[in-house]
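This report concerns only the one structure given below.
Nothing in this text is a laboratory measurement; each read-out follows from the coordinates by a stated rule. Quantities reported herein were computed from a predicted structural model and do not represent experimental measurements. Glycine also receives a Cβ, built like all others from the backbone with ideal geometry; neighbour counts cover every protein chain displayed.
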Amino acid sequence: MQGQLQTRPLDDVMQQIAEHKGCGTSSDAGKASCGSSSAPEDMAPEVWEKVKNHPCYSEEAHHHYARMHVAVAPACNIQCNYCNRKYDCANESRPGVVSEKLTPEQASKKVLAVASTIPQMTVLGIAGPGDPLANPEKTFKTFELIYKAAPDIKLCLSTNGLALPDHVDTIKSFNVDHVTITINMVDPEVGQHIYPWIFWKHQRVTGIEAARILTERQMLGLEMLTAAGILCKVNSVMIPGINDKHLVEVNRAVKSRGAFLHNIMPLISAPEHGTVFGLNGQRGPTAQELKALQDDCEGEMNMMRHCRQCRADAVGLLGEDRSAEFTTDKIMEMDVEYDIEKRRAYQEIVEQDRLEKVAAKNAELIELQEEYSDVKILIAVATKGSGRINEHFGHAQEFQIYEIGVEGTKFVGHRRVDLYCQGGYGEEDTLPTVIRAINDCVAVFVAKIGGCPKDELRAAGIDPVDKYAHEFIEQSAVRYFKEYLGKIKSGEIVHMDRGDADIRQGAYIAA
Amino acid sequence: MTYKIISSQCTACSACEPECPNVAIYEKDGTFVINPKKCTECIGYFDDPQCVAVCPVDNTCVIDNSYPRYQAA
């Protein structure tokens, strides 16, 4: 049952904003193929055991479990054109940015303080703000301290891979199950446009040679991790015109070397970041460009679509940042008692909630199996976590995006809407910004919404839905989809192409 | 001469500290500084001064003209 295309009613508003922002709203829509969902059934039990509580390795887990990063590793051994270490602004959320760096001892204290306050915090990652393996002493000292004090916390790290082959044995010795390598290319011709230099064997190496050494070390490191039984996630930054088409090749290369998960992220690029790409006007991808690439790469390999590109000192669920509650001053004053049993008890409740959620979705899906339709829709969801529709429209700092078809539901992304630095945008312009961010969605699910935004969303062709308040997201999405199909059949609505949307623009304020 | 770090540009990333063959670099008041008495411009150790090669901010580790050129013993 294929619907027909109609022009989008909000084109006027969009064009007005587009002109103001200097970017168009043209879309490459309609290319929304759906890959296989990463249901636990297709995962080996021992792998599921490793990822089920890791918010960055399991989309399903990220609704329930939190992570934290400690900024103990400020030094870096390579330069990337999307990174600038000079500006560390407390109001910005992107990788490589921190408010304060910590010693391993401070980091250990902070981890215990956070773990005692947030019992669903299961993962401690070291992700910079430089490269953890360019600071091996600080990184491994931190692991050692936390390993002793809080053995139930998973340790993980994120690296550019240059120094990785030298440290795989040490990583293994701390029972680290998860390592992320940022791999943006497997061809030095492409790499030279992303990496101006690397520091290698006491020399600054530039150009193609730098990219050649880097890619060799990354591939070797990945192979060594696979051989050591460590799960490896590969992060790639999608840079339109530089590596966007090439990332399909990167996907094949890392898949064949045993990478577990591929996370293709949009380039974050704005002049105020002071990065090479920010200053030379290199744009990031649109929402549909990103999704199309992720869909192309999705096959035998899981694609991560829930990455929030968080700061190197982020604390909390993905999409929230509670780092301001745990500054060094505050944690030094905190009286921390690490109660592993209390954490375990809390996590058991979380597990029950999770099972209930999956059961509810599956029950709802049974009826859908009898339907035949190639209609797929996107919906935006306002949520505070736990897999429920439990956030007010006006309070949402981001919307989670689900794709629904007769095969079921799939998490396909998220859109930040807590923008600032919008060049003179005021309160009255907030709603068009939100609409821009979820313009490719048929509906937005919220716990509550005011009359005014409701009308404006409707005018934009987005159905504001508050009848599923506090219900499970996926179960409600399937219900909505059934009704949607019913309305198409009865002729009440005509399914139409929704076009494209913005991922993020400008800089973002920390939550 | 010796190298010096322009403190207003230093991000305090600490990358230079362990690379210095003379252990001349240390943290002071939130940025890193080079002890001019210890700096040898890496002469006798490396072809390139290590602090310059590893520093993420260009023109931050620079020659300090107020000191005479280092003479290898």
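Going by average Cβ density within 10 Å per residue, which order do the peptides A:152-161, A:482-491, A:340-349 take, highest to lowest?
The most tightly packed comes first, giving A:152-161, A:482-491, A:340-349.
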*Report the FRET efficiency, 1/(1 + (r/R0)^6), for residue A:329 and residue B:6, where r is their Cβ-Cβ distance and R0 is 41 Å, rounded to 0.05.*
0.90
*Beta bridges per DSSP with both ends in the protein assembly as shown, % antiparallel, nearest 5*: 50
*Pop a pseudo-label 7 angstrom from the Cα along the beta-carbon direction at both residue A:448 and residue A:355 and give the gap in nm to one decimal.*
3.3
*When only Cα pairs under 8 Å and 6 or more residues apart are kept, what is the percent relative contact order across region A:118-225?*
25
*For region B:23-73 versus region A:427-460, the gap between their alpha-carbon centres in whole angstrom*: 56
*Before anything else, pin down the relative contact order of chain B: Cα pairs under 8 Å, at least 6 apart, normalised by residue count, whole percent.*
44
*May I ask which residue of B:21, A:318, A:182 lies farthest towards the positive end of the charge dipole of the protein assembly as shown, with charges of +1 (Lys, Arg) and -1 (Asp, Glu) on Cβ and the Cα centre as origin?*
B:21
*Which order do the peptides A:271-283, A:360-372 take when ranked by the mean count of other beta-carbon atoms within 10 Å per residue, highest first?*
A:271-283, A:360-372
*So how do A:180-190, A:324-334 stack up, highest first, on mean other-Cβ count within 10 Å?*
A:180-190, A:324-334
*How many Cβ atoms of partner chains, on average, are near each residue of A:176-188 if near means within 10 Å of its Cβ?*
0
*Hey, got the average number of other protein chain Cβ atoms within 10 angstrom for residues in A:74-83?*
3
*Determine the shape class of region A:319-456: with a ≥ b ≥ c the square roots of the Cα gyration tensor eigenvalues, call it rounded for a/c under 1.5, and otherwise prolate if a/b is greater than b/c, oblate otherwise.*
oblate
*asked:* I need the shape label for region A:321-362. Rule: rounded when a/c is under 1.5, else prolate if a/b > b/c, else oblate, with a, b, c from the alpha carbon gyration tensor.
replied: oblate
*Between beta-carbons, use under 14 Å as the cut-off and find the net charge around residue B:66, counting Lys and Arg +1, Asp and Glu -1.*
+2
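Sort A:414, A:495, A:202 by Cβ crowding within 10 Å, fewest neighbours at the top.
Ordered from fewest to most neighbouring Cβ atoms within 10 Å, A:414, A:495, A:202 come out as A:202, A:495, A:414.
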*Three-way shape call for the protein assembly as shown based on the alpha-carbon gyration tensor, with the a/c threshold at 1.5*: prolate
*Compute the FRET efficiency between residue A:48 and residue B:64 as 1/(1 + (r/R0)^6), taking r as their Cβ-Cβ distance and R0 = 51 Å, and round to the nearest 0.05.*
0.30
